[in-house]
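Inspection log for the structure reproduced underneath, given as structure tokens.
Read-outs throughout are calculated quantities, based only on the coordinates presented, and are distinct from any laboratory measurement. Remember, predicted model here, so these are calculated numbers, not experimental data. Here the Cβ positions follow ideal geometry from the backbone for every residue, glycine too, while neighbour counts run over all protein chains shown.
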Amino acid sequence: MSVILVVDDQASNRDVLTTLLGYCGHRMIEAADGAEGLVVAAREQPDLIISDVLMPTMDGYEFVRRLRDDPALASKPVCFIPPITWSGRPSRWRKNVALLTFSRNRASRRWCWRW
């Protein structure tokens with residue numbers, strides 16, 4: 001299965017994602033902010049990176065900019081998760097989650113809605 005890096009400053013959000021995706025057989029790795037995410041991504045070379053947008057040390061946008069500047073990481077797909085709370089009803093959460101997928105070409109962005 002895939003290696004997936006989850007970058008989020010909220011431990012509870014990381015726990016939910018790593019539990020759900022880990023249950024599907026993926027190897028999950030975590031980072032608490034963008035700066036740590038860059039180090040972990042360089043070391044582990046994940047197949048997919050899921051990142052929060054709003055983080056204290058380095059936000060998701062800067063994290064992706066720096067990923068794209070590194071030739072070894074530039075082609076890694078990144079999905080943003082919007083600021084949400086996991087305490088809401090799961091059905092409501094599923095309807096409101098949007099993942100922004102960045103391709104190699106920064107100008108080419110696709111919105112993927114998961115219902």
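Listing for the model above:
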| item | result |
| --- | --- |
| Leading residue by the ranking (farthest from ARG65 (Cα to Cα)) among those in the range 1-46 that are assigned to a strand (DSSP E or B) and without any contact (Cβ under 8 Å) to a residue 40 or more places away in the chain | ARG27 |
| Unmet criterion (only one of (1) within 17 Å of ILE81 (Cβ to Cβ); (2) loosely packed, with under 13 Cβ neighbours inside 10 Å; (3) basic (Lys, Arg)) for ARG43 | (1) |
| Residue pairs meeting the criteria (Cβ under 6 Å; at least 6 apart or on separate chains; first within 18 Å of LYS76 (Cα to Cα), in the range 52-64; second among the β-branched types (Val, Ile, Thr) and part of a helix (DSSP H, G or I)) | none |
| Selection within the range 60-73 - buried (at least 17 other Cβ atoms within 10 Å of the Cβ) and in contact with a helix residue (DSSP H, G or I) (Cβ under 8 Å, 6 or more places away or on another chain) | GLY60, PHE63, LEU67, LEU73 |
